[in-house]
Amino acid sequence: MAKPAKVDDSHIRHFIGVEGLTKAQLMAIIEKANGYLTDNDGRPNSIKNSNELEGYTVMNLFFENSTRTRTTFEVAEKRLGANVLNLDIARSSTSKGESLRDTLWNLEAMTADIFVVRHSASGTAHFMATEVTPNIAIINGGDGWHAHPTQAMLDMLTIYREAKKPFEELSVAIIGDIKHSRVARSDISALQTLGVKDIRVIAPKTLLPKGIERYGVQVFNDIDKGVVDCDVLIGLRIQNERIGSPLLPSTSEYFKMYGITPERLALAKPNALVMHPGPMNRGVEIASSVADGEQSVILKQVNNGIAVRMAVLALAMEGQRKMKGI
Amino acid sequence: MAKPAKVDDSHIRHFIGVEGLTKAQLMAIIEKANGYLTDNDGRPNSIKNSNELEGYTVMNLFFENSTRTRTTFEVAEKRLGANVLNLDIARSSTSKGESLRDTLWNLEAMTADIFVVRHSASGTAHFMATEVTPNIAIINGGDGWHAHPTQAMLDMLTIYREAKKPFEELSVAIIGDIKHSRVARSDISALQTLGVKDIRVIAPKTLLPKGIERYGVQVFNDIDKGVVDCDVLIGLRIQNERIGSPLLPSTSEYFKMYGITPERLALAKPNALVMHPGPMNRGVEIASSVADGEQSVILKQVNNGIAVRMAVLALAMEGQRKMKGI
Amino acid sequence: MAKPAKVDDSHIRHFIGVEGLTKAQLMAIIEKANGYLTDNDGRPNSIKNSNELEGYTVMNLFFENSTRTRTTFEVAEKRLGANVLNLDIARSSTSKGESLRDTLWNLEAMTADIFVVRHSASGTAHFMATEVTPNIAIINGGDGWHAHPTQAMLDMLTIYREAKKPFEELSVAIIGDIKHSRVARSDISALQTLGVKDIRVIAPKTLLPKGIERYGVQVFNDIDKGVVDCDVLIGLRIQNERIGSPLLPSTSEYFKMYGITPERLALAKPNALVMHPGPMNRGVEIASSVADGEQSVILKQVNNGIAVRMAVLALAMEGQRKMKGI
């Protein structure tokens with residue numbers, strides 16, 4: 001579905017989804033991002049700045065509110081030297097009755113180089129990249145239940161940096177609301193492309209999408225079996241609005257059944273990594289002691305998210321320029 | 001009325017309105033803007049960046065919401081290297097009971113160099129430039145029904161670049177709600193200063209201001225007569241709130257009577273330009289096939305709007321500096 | 001209480017409050033700020049730009065709305081070359097049920113270097129600096145009734161530049177709602193550290209905090225006695241919400257009893273300075289003729305506020321780097 005146009009196998013022109021990208025493309029993003037991370041200047045969370053987007057104009061088109069994702073993109077864009085505009089696009093386009101297409105054409109004509117798009121409808125970023133403004137590099141900042149590809153890539157970068165083994169030898173467990181998670185979908189796809197053979201999803205039946213087995217993952221309803229000998233545990237966020245629904249009776253019951261506790265972590269490999277896309281519900285998906293414990297790389301994920309977004313922005317702009325021969 | 005202080009005939013100190021500016025001043029803006037537009041690097045909508053406002057602070061004071069105009073100014077300011085602040089000025093000044101004058105004096109003291117002002121009351125930008133903060137370069141981003149001078153200048157730049165004749169030889173028709181349009185007023189003034197002799201306004205009597213003939217324009221109530229042999233057609237936006245009023249019974253009737261259709265466009269000169277300030281109501285002021293057709297320069301207007309705003313900002317700052325001998 | 005960690009006596013690591021800072025630290029801020037002010041390039045309100053924060057990311061965390069303070073910080077940050085992000089932090093952190101601590105940890109991981117914090121609860125900035133994110137330089141933009149230290153420092157800079165005597169020889173009167181003012185508290189502390197011996201507070205009993213005499217200030221209920229032979233008069237803003245309360249019957253009565261009028265100003269030293277933190281209620285705390293008169297330095301305070309905020313930001317970042325040996 002979201003198959004981005006390719007320049008060649010190691011370039012990208014847009015960044016719509018991880019599905020359809022090659023291992024070479026994913027590794028190009030990971031290695032580019034890794035190059036921005038510096039560990040040796042005495043500050044935690046260090047990122048090397050760059051001037052790769054100097055003189056370029058990035059417009060953040062957030063049709064759906066997400067302070068967290070928008071802030072990480074904004075930091076990344078500014079660290080690359082871009083001119084950044086945040087557009088409350090929903091409000092402006094609808095207020096005067098203009099169509100989405102006309103709004104986007106106008107923004108393109110205002111000399112935008114990159115759109116970062118967040119929308120509640122699946123496929124919006126793809127539609128923009130292929131139908132509306134193909135000359136603008138489109139970065140998907142999350143669309144509906146479909147994909148959240150920069151989140152997937154920051155997860156991949158974190159595993160790449162923190163796990164002490166190649167992707168091919170890892171066991172990765174994704175735990176929680178697989179059904180409603182844009183993260184789970186993108187993570188599974190990226191892990192497979194990168195060669196991970198043992199991918200497990202752990203969830204109650206009510207929170208599993210139908211036919212999940214076809215994706216080549218192992219399904220567990222019992223977390224105590226699912227996490228055994230894992231190298232990486234990825235806890236997913238339970239949306240507040242689902243709690244109390246027939247799918248999910250109460251938070252305390254969920255924690256009892258599926259929470260990542262010290263006891264369950266002990267069943268995984270020694271030094272297994274604990275990950276979570278945030279924001280966390282402490283005491284629901286994860287015990288606080290695990291979230292803040294030595295095996296947690298949750299805040300490193302956030303930090304890596306800046307580097308990954310810088311990489312995706314820089315590579316997409318480079319791909320656009322290459323394609324146009326400039 | 002809005003007579004900006006002059007440095008000399010080819011400089012500006014503020015940019016309040018096109019009325020009162022000389023042909024030399026308008027041409028200085030057009031030529032400066034034209035210099036920012038580059039057609040040869042393979043990307044559409046290319047604009048050369050500049051460092052003319054590096055180290056200067058521009059405050060966008062939008063008392064009235066206009067995402068479209070604000071975004072174009074913000075892009076222009078950032079492409080000139082300025083420090084840009086967007087102030088929700090209405091909310092802040094009223095909330096603590098401070099007068100407009102005190103608010104502006106405070107913002108001046110915060111080391112602003114340029115104010116871009118959008119206000120619903122006519123004359124606000126002029127009042128600020130002459131009475132309140134004359135040491136700050138004031139750019140009018142639209143005030144009431146009075147003026148929208150950067151829109152007028154982007155229209156002039158578009159005609160300058162796209163029409164294949166000098167201004168003196170052109171026939172220009174402005175079609176639609178002349179009465180309530182800040183664009184029409186500014187356009188007529190600029191066209192006359194630039195030497196256009198044949199200016200036509202085409203509208204129902206209810207949408208024409210009284211005494212419009214005194215401005216030296218030809219008035220037509222019948223569009224099929226008005227557009228004959230025109231070089232440029234400028235369609236104006238019908239405000240949604242006017243539709244259904246006694247002035248304007250329905251959109252379909254308006255389209256039948258005054259819409260720019262392929263048939264009507266055929267009455268104009270071959271290759272006549274079609275312009276519209278946006279946002280368009282497709283099927284009301286203009287047929288979609290005309291809006292997206294080969295003779296339409298509507299998106300070029302948007303693009304030229306960035307260049308014109310850059311030119312006005314840079315020239316006003318230069319004028320301020322010259323005046324102070326720095 | 002708000003004792004910031006020190007590098008040595010002339011450095012700062014955070015800027016939480018003026019209490020606990022040495023005279024050397026206050027003078028370092030004043031002199032640094034003074035260096036940004038240039039008087040000789042023909043423009044009023046001139047500030048030299050700097051690149052001291054180039055490549056650093058400053059996040060403005062305003063839990064409480066204050067357009068005025070936020071704008072001055074934003075100008076200062078951009079004049080130092082920083083990457084600036086304004087976060088509507090209240091809305092984002094609460095909407096998904098994340099704790100303040102987790103929100104701050106996440107923002108830290110997004111590679112922030114400096115947080116500028118405005119909060120209605122006293123001690124928030126201190127709590128963040130000591131408990132939550134000690135590796136980030138924290139600047140207090142005002143917290144509850146406790147402190148507004150950058151306002152105090154811009155007052156000190158203004159006195160330093162405009163009074164023609166050393167601090168030790170000055171008489172300073174603070175007039176108005178001492179009880180509810182974060183400015184009064186910080187000003188008194190800074191004045192004492194800088195060596196001012198004659199500090200007077202002038203207010204009705206209802207607007208004086210209990211035990212104010214212990215701070216080493218002279219208390220006056222009669223302004224006509226209090227301002228005699230003063231070098232500096234600092235009027236405080238009366239909050240609109242207090243007017244009509246038992247503490248403060250009406251604005252006209254307040255003006256009659258405590259307003260800074262030309263007659264009262266005449267009782268002070270010739271050329272005594274008139275100051276006010278703004279926004280002013282003209283005709284309540286101060287007569288318009290005094291506010292706009294020759295002895296008023298109220299707009300210079302605003303201007304100096306940019307320089308002081310630049311100084312505090314630059315020094316705190318320098319202190320953080322020194323501490324980490326980078």
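Can you tell me how many residues in region C:74-99 are part of a helix (DSSP H, G or I), at the interface with chain A (Cβ under 8 Å from one of its Cβ atoms) and modelled with pLDDT of 95 or more? Number satisfying all stated conditions: 0. For region B:199-213, the criterion of a residue being of a type in the set (Gly, Ala, Ser) and in the same structural domain as residue B:268 (by TED's automatic domain parsing) is satisfied by at least one position. Residues that are small (Gly, Ala, Ser) and within 21 Å of the chain's Cα centre (by Cα) do occur in region B:283-301, at least one of them. Looking only at residues of region B:208-232 that are over 19 Å from residue B:163 (Cα atoms) and within 20 Å of the chain's Cα centre (by Cα), we find that the one that is surrounded by the most Cβ atoms within 10 Å (Cβ to Cβ) is B:217.
Do the conditions hold for residue A:177, that is, is it open to solvent by less than 30 Å² (accessible area, probe 1.4 Å), assigned to a loop (DSSP other than H, G, I, E, B) and touching a helix residue (DSSP H, G or I) at 6+ places or on another chain (Cβ under 6 Å)? In short, yes.
Of the set (1) more than 14 Å from chain A (Cβ to nearest Cβ); (2) modelled with pLDDT of 85 or more, all apply to residue B:69 but (1).
Residues are listed down the side, and each one gets a yes or a no for (1) touching a Phe, Trp or Tyr at 6+ places or on another chain (Cβ under 6 Å); (2) closer than 24 Å to residue A:302 by Cβ; (3) free of Cβ contacts under 8 Å to residues at least 60 places away in the same chain; (4) not basic (Lys, Arg):
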{"residue": "A:177", "(1), (2), (3), (4)": "no, yes, no, yes"}
{"residue": "A:192", "(1), (2), (3), (4)": "no, no, yes, yes"}
{"residue": "A:207", "(1), (2), (3), (4)": "no, no, yes, yes"}
{"residue": "A:225", "(1), (2), (3), (4)": "no, no, yes, no"}
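Hey, could you check region C:276-326 for residues that are of a type in the set (S, T, N, Q) and over 20 Å from residue C:152 (Cβ atoms) and say which is surrounded by the fewest Cβ atoms within 10 Å (Cβ to Cβ)? My answer is C:288.
What about residue A:198, is it open to solvent by 30 Å² or more (accessible area, probe 1.4 Å) and acidic (Asp, Glu)? Write out each step before concluding.
Working: open to solvent by 30 Å² or more (accessible area, probe 1.4 Å): yes; acidic (Asp, Glu): yes.
When the stated conditions are applied, residue A:198 passes them.
Just checking, does region C:110-117 include any residue being at pLDDT below 85, in a loop (DSSP other than H, G, I, E, B) and under 22 Å from residue A:70 (Cα atoms)?
Keep residues of region C:110-117 that are at pLDDT below 85, which gives none.
The answer is no, given that none of the residues of region C:110-117 is at pLDDT below 85, in a loop (DSSP other than H, G, I, E, B) and under 22 Å from residue A:70 (Cα atoms).
Only one of C:273, C:236 is buried (at least 20 other Cβ atoms within 10 Å of the Cβ), within 25 Å of residue B:133 (Cα to Cα) and in the same structural domain as residue C:171 (by TED's automatic domain parsing); which? Exactly one of C:273, C:236 is buried (at least 20 other Cβ atoms within 10 Å of the Cβ), within 25 Å of residue B:133 (Cα to Cα) and in the same structural domain as residue C:171 (by TED's automatic domain parsing), namely C:273. Among the residues of region C:239-248, those identified as over 24 Å from the mean Cα position of the chain (by Cα) and either outside the structural domain of residue C:163 (by TED's automatic domain parsing) or surrounded by 12 or more Cβ atoms within 10 Å (Cβ to Cβ) (or both) are C:247, C:248.
Residue B:291 passes all but one of (1) within 14 Å of chain A (Cβ to nearest Cβ); (2) closer than 20 Å to residue B:228 by Cβ; which number fails? Among (1) within 14 Å of chain A (Cβ to nearest Cβ); (2) closer than 20 Å to residue B:228 by Cβ, the lone unmet condition for residue B:291 is (2).
Please verify whether region C:100-107 includes one or more residues that are farther than 19 Å from residue C:26 by Cα and assigned to a loop (DSSP other than H, G, I, E, B). Full working, then the answer.
Filtering region C:100-107 down to residues farther than 19 Å from residue C:26 by Cα leaves C:100-107.
Then keep just the ones that are assigned to a loop (DSSP other than H, G, I, E, B); that gives none.
No.
Can you pull out the residues in region C:129-160 that are of a type in the set (Phe, Trp, Tyr) and out of contact with any His (no Cβ under 8 Å at 6 or more places or on another chain)? C:160, the sole residue that qualifies.
Among residues that are among the polar types (S, T, N, Q), out of contact with any Ser or Thr (no Cβ under 9 Å at 6 or more places or on another chain) and within 14 Å of chain C (Cβ to nearest Cβ), residue B:111 is not included. Would you be able to say whether some residue in region C:34-57 is over 16 Å from the mean Cα position of the chain (by Cα), in a strand (DSSP E or B), within 30 Å of residue A:300 (Cβ to Cβ) and at pLDDT 90 or above? The answer is yes; a qualifying residue exists.
The values are calculated or read from the model by the stated rules, or taken from the named source; none is laboratory data. Note that the structure is predicted; figures quoted are calculated from it, not measured. FYI the Cβ positions are ideal-geometry reconstructions off the backbone, even for glycines, and counts take in every protein chain you see. Protein only, heavy atoms only, side chains kept; ligands, DNA and RNA dropped before computing areas. Shrake-Rupley method; radii C 1.70, N 1.55, O 1.52, S 1.80 Å.
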